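Please read the structure below before turning to the comments.
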Amino acid sequence: MKKVLLSGIQPTGRPHIGNYFGAMKQWVDLQTSQPDTEKFFMIADYHALNFIQNNEELKQNILDVVLDYLAIGLDPKQSAIFKQSDVSAHTELAWIFDTITTMPYLMRAHAFKDAEVKNKEIGVGTFNYPMLMSADILLYDTTVVPVGQDQKQHIEYARDTAEKFNRIFGETFVLPEALIMKEVAVVPGTDGQKMSKSYGNTIPLFATDEEIRKAVMSIVTDSSGSIPKNVYEIHKLFRSTTELDVLYKEKSGKYKDLKDALIADISAFIKPLRERREEFAKNKDAVLAILKAGGEKAKAKAQAKIEVVREKIGVRLY
Ligand code: AMP
Ligand code: TRP
């Protein structure tokens, strides 16, 4: 069976190093290591509409994610880079999935439960989120979805939904597998919790040197041991533990020196990425052309699949 890889992020703001090491870096690595796999990298703009209902902001965020994708090394020659809203089959299939899905089943979603705990009035789009994501994945006969740990349940929704559809209408969808890197499944933030925009504990992926310094200085250290655990855990992303163990032993108890070393390592890593991004940003038209072409490529595949789905459910009469 042909291998198909699909993943994406929502254009909801600047990516951080948790997004990068948890998911995006694997995309670039897989692009090289799996030349024969068909690859799709999506910008989930219709998912983001649940959070961003502001024309200018959404537009800017979409463009920002394309730049992020190109800057980290996704290559439009090898992978289709596209936005969800360019392929209307996604929302169509999400609707079809809604009709075979029950509310209690969707109420078990972590994201829904989290929203419920916060006692927010939960939007229908947020509630349906897993069905749109299932459609994103299943439309392309995706076999592998490289993501961070927090998306695992969403991939299970996609598998369950594929199985349910296949049971009702006959074999149609491939069951996708999540690909989650163990060591970076959950990248910690400056406070030791999972790095997340909503916790305000991030280090932005394309941060300036000043932003890196500020973020590292804010890393919470406790004075109980000689190794500042939160500094070390982030440092591990940039340097081997063998090297770090020597450094952390040598600088035992000297938190300021260790933070300075971390700042230097992060800055050296981010600088070329940031510069690549600045280069791409100079040519907005070329970037939009890449996005548009990726949309055409994705659409060609998705359209063929949605025709099969229409046929299966019984709405295709001519
Ligand atoms: P999000 O920012 O929630 O749209 O996440 C985009 C991608 O980054 C998803 O695949 C997440 O699983 C992954 N991700 C987000 N935060 C982290 C983190 N702290 N550690 C590892 N992966 C993450
Ligand atoms: N839910 C994912 C996130 O928040 C983004 C996403 C939407 C996605 N559709 C997808 C990821 C399909 C992988 C495959 O990160």
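Nothing charged except the Cβ atoms of Lys and Arg (+1) and of Asp and Glu (-1): what's the magnitude of the dipole of the chain about its Cα centre? Round to the nearest 20 debye.
Numbers: 43 positive and 43 negative charges, 23 e Å.
About 120 debye.
Please give the contour-minus-distance gain from K254 to A300: 0.36 nm per residue of separation, less the Cα-Cα distance, rounded to one decimal in nm. List each step's numbers first, then the result.
On the way: separation 46, 0.36 × 46 = 16.56 nm, distance 5.75 nm.
Result for the pair: 10.8 nm of gain on full extension.
Quick one: with all protein chains in place, what share of the accessible area of the chain is carbon or sulfur, to the nearest percent (1.4 Å probe)?
Working: 8500 of 15970 Å².
C and S atoms contribute 53 percent here.
Keeping every protein chain present and rolling a 1.4 Å probe, give me the accessible area per residue for the range 197-278 in Å². Show your work: numbers first, answer last.
Details: 4530 Å² over 82 residues.
Accessible area per residue: 55 Å².
I'd like the accessible area for Y232: 1.4 Å probe, protein heavy atoms, all chains in place, Å² to the nearest 10.
Approximately 30 Å² of Y232 is accessible to the 1.4 Å probe.
Top mean-square fluctuation among K118, K83, K301, Gaussian network model of the chain, C-alpha springs under 10 Å?
Maximum fluctuation in the GNM of the chain, among the listed residues, is at K118.
Run lengths n ≥ 4 of DSSP H only: what is the helix-derived mean residue ellipticity at 222 nm for the chain, with -39500 (n - 2.57) per run over all residues, to the nearest 500?
Working: 13 runs with 171 residues, N = 318.
It lands at -17000 deg cm²/dmol.
Name the GluC sites (Glu not before Pro) in the range 78-169 that are in a loop by DSSP and that have at most 16 other C-beta atoms within 10 Å, would you? Write out the running numbers ahead of the final one.
Details: sites: E92, E116, E121, E156, E163; in loops: E121.
Qualifying residues, ordered by number: E121.
Translational D (Stokes-Einstein, µm²/s) of the range 162-301 at 20 °C and 1.002 mPa s when Rh comes from the Kirkwood sum over C-alpha pairs? All intermediate terms of the calculation are to be shown ahead of the outcome.
On the way: Rh = 18.5 Å.
For these conditions, the coefficient is 116 µm²/s.
Specify the residue with the greatest mean-square fluctuation among M195, M103, M133, computed from a Gaussian network of the chain linking alpha-carbon atoms under 10 Å apart.
Looking only at M195, M103, M133, the largest GNM fluctuation is found for M103.
Which log10 I(q)/I(0) values, to two decimals, does the range 197-278 give at q = 0.18 Å⁻¹ under the Debye formula with one point per Cα?
Each listed q corresponds, in turn, to -0.75.
Just need the relative contact order of the range 37-196 here, percent rounded to a whole number, with Cα pairs under 8 Å and 6+ apart. Can you show the working numbers first?
Values: 167 pairs, mean separation 31.3, N = 160.
After rounding, I find 20 percent.
By how many nm would the segment from K120 to L49 lengthen if fully extended, with 0.36 nm per residue of separation less the alpha-carbon distance?
Numbers: separation 71, 0.36 × 71 = 25.56 nm, distance 1.68 nm.
Full-extension gain reported as 23.9 nm.
Kindly provide the pair-distance distribution of the range 77-139 built from C-alpha pairs, with 5 Å bins from 0 and whole-percent values in order of increasing distance.
4, 16, 25, 20, 15, 11, 5, 2, 1, 0
List the GluC sites (Glu not before Pro) within the range 171-243 that DSSP assigns to loop and that have no more than 12 neighbouring Cβ atoms inside 10 Å.
Details: sites: E171, E177, E183, E210, E211, E233, E243; in loops: E171, E183.
Answer in residue order: E171, E183.
Name the most mobile residue of M24, M131, M107, meaning the one with the largest mean-square fluctuation, in a Gaussian network model of the chain with Cα contacts below 10 Å.
Most flexible of the set in this elastic network: M107.
With each label point set 7 Å from Cα along the Cα-Cβ vector, what nm distance links A289 and D36?
Here the modelled spin labels are 3.3 nm apart.
Around K194, which amide H atoms from residues at least 5 apart in sequence, or from another chain, sit under 5 Å from its own amide H, with H modelled in the peptide plane?
When sequence neighbours closer than 5 places are left aside, the close amide H contacts are G189.
Fully extended, how many nm does the chain gain between E233 and K182 (0.36 nm per residue separation, minus their Cα-Cα distance)?
Net length gain for the segment: 16.9 nm.
Report the relative contact order of the chain, percent, no decimals, based on alpha-carbon pairs under 8 angstrom and at least 6 residues apart.
On the way: 436 pairs, mean separation 72.8, N = 318.
Contact order relative to length: 23 percent.
Going by a ≥ b ≥ c, the root eigenvalues of the Cα gyration tensor, does the chain fall in the rounded group (a/c under 1.5), the prolate group (a/b larger than b/c) or the oblate group? The partial results should precede the final answer.
Values: a/c = 2.07, a/b = 1.70, b/c = 1.21.
It comes out prolate by the Cα gyration axes.
The values are calculated or read from the model by the stated rules, or taken from the named source; none is laboratory data. Since the structure is predicted, the reported quantities are computational estimates derived from the model, not experimental observations. Note: ideal-geometry Cβ built from the backbone for every residue, glycine included; neighbour counts use all protein chains shown. Each accessible area value is taken on the protein alone, full model and side chains, heavy atoms only, with ligands, DNA and RNA left out. Shrake-Rupley method; radii C 1.70, N 1.55, O 1.52, S 1.80 Å.
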